[in-house]
Amino acid sequence: MAIFSLHANSNEATEKDDETKQINQQKLTNVQQAIIKQESNILKVNKNRSELEKQLKNNDLSISKIAKAINNTDKQFNKTKAKIAQLYKEKQKLTQQKKSQESLLAQQLRTAYTTGQHDYLKLILNQKQTEKIQRSISYYQYLNEARIKEIEQFQKILSNLLEVTTQHQEQIETLEALKNKQNKQRIALNNTKKKRRKTLKILNRTLLSSQQQLAKLKAEENNLNNALKELESLIQTEVNLTGLGRLKRKLLWPIKGRTLHRFGSNKQGHLKWKGVLIAASIGKQVKTIHNGTILFADWLKGYGLVTVIDHGNGYMSLYGHNQTLLKAVGDRVETGEPIALVGQSGGQNKSGLYFEIRHRGKAVNPKYWCK
């Protein structure tokens, strides 16, 4: 009886062990499936983020293209207005000259009429007054020459007035066409901005953990550093580019505005800001701090539309988050020249300018150069 009881207990223990193993195995399977599902979700989220970031880039580039077109249209618009004002003044001047010529010719015709229509012929046929013939002939010739000259001048004024009036009308029509073009461009810009906001809204829904956000920022910073290293290798030293070494506290900031993030302040984790972020309204002109050559003018992940300028002697300045770029690679720019328009490209929610100064690849504090 004792042996049977011991055997039963042994079987019962074995069954419990098997049941425990099955439960543990099921838990393990569930955990493995959860891990696989989570990895799949992460891959899906990453893929979606990648697609959205690509879409964001396309939105930024579309906005840049339209904004640049609007900027060019604005310039044409202002030139056309100036031309219309100039032509209007010319038209007024010529109209006044026309009135003066009309008055002068009318006076000459009245003089000719009061002296008689056939005096000249009578004078030649009248041999009794031979002593006056030569003098009178000279007088009539003078009057005729003066009249012909005034008529020719009058015809010239009429011709110029017609030409200026035609040009004036053409410029008015051009101005109207530019207005229509400008309206269409602004509608297209607003539509593209709506698409960008929608893309950014969806992108922001895919929240990243602090670690993922840090990894993202680090990857973007490394991408920028690698791009700048490549640019350094392409720099061809120009004799007339002397760098910024002797210009500390002498340069003007590329744009005026409130500093949102200062050089060296915390960005995320151990990452620090390598430049400054300056608040400014969309479309405001970004100006170069010093003369140089455009090294880079394109979209860069995390920084949007970026312009990089070589100032010589290893000095470079960088301008990011622009709405559009006004200069191309290889262009020479002078101090204070507009190079871009302020924007919020690169995934920014607010408009502003990201600005860096680097010396031999190392970021330096812009406040030591700009006043």
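Couple of notes before you dig in:
- Sorted by Cβ density within 10 Å, fewest first, the residues Lys156, Lys83: Lys156, Lys83
- Förster radius 51 Å - calculated FRET efficiency between Ala85 and Ile151 (Cβ-Cβ, nearest 0.05): 0.95
- Here the label points at Asn313 and Asn204, each 7 Å from Cα along the C-beta direction, are separated by 4.4 nm in the simple model.
- Difference of contour (0.36 nm per residue) and Cα-Cα distance, Ala215 to Lys184: 7.0 nm
- Only Cα pairs under 8 Å and 6+ residues apart enter the sum, and on that basis the relative contact order of segment 219-368 stands at 26 percent.
- Calculation over all alpha carbon pairs of segment 146-232 in 10 angstrom steps from 0 returns a P(r) of 13, 15, 16, 15, 12, 10, 8, 7, 3, 0 percent.
- As a proxy for reagent exposure, Phe263, Phe154 were ordered by neighbouring Cβ count within 10 angstrom, fewest first; the result is Phe154, Phe263.
- Stretch gain in nm, segment Thr95-Leu247, where the contour uses 0.36 nm per residue and the Cα spacing is subtracted: 49.1 nm
- Ranked list, fewest to most other Cβ atoms within 10 Å of each Cβ, for Ser351, Ser103, Ser317: Ser103, Ser351, Ser317
- Annotation: extensible slack from Leu260 through Asn160 equals 30.2 nm (criterion: 0.36 nm per residue apart, minus Cα-Cα distance).
Where a number appears in this text, it was derived from the coordinates with a stated rule and is not lab data. The structure displayed is predicted, hence computed values, not measured ones. Cβ coordinates were reconstructed from backbone atoms using ideal geometry, including for glycine residues, and neighbour counts include every protein chain displayed.
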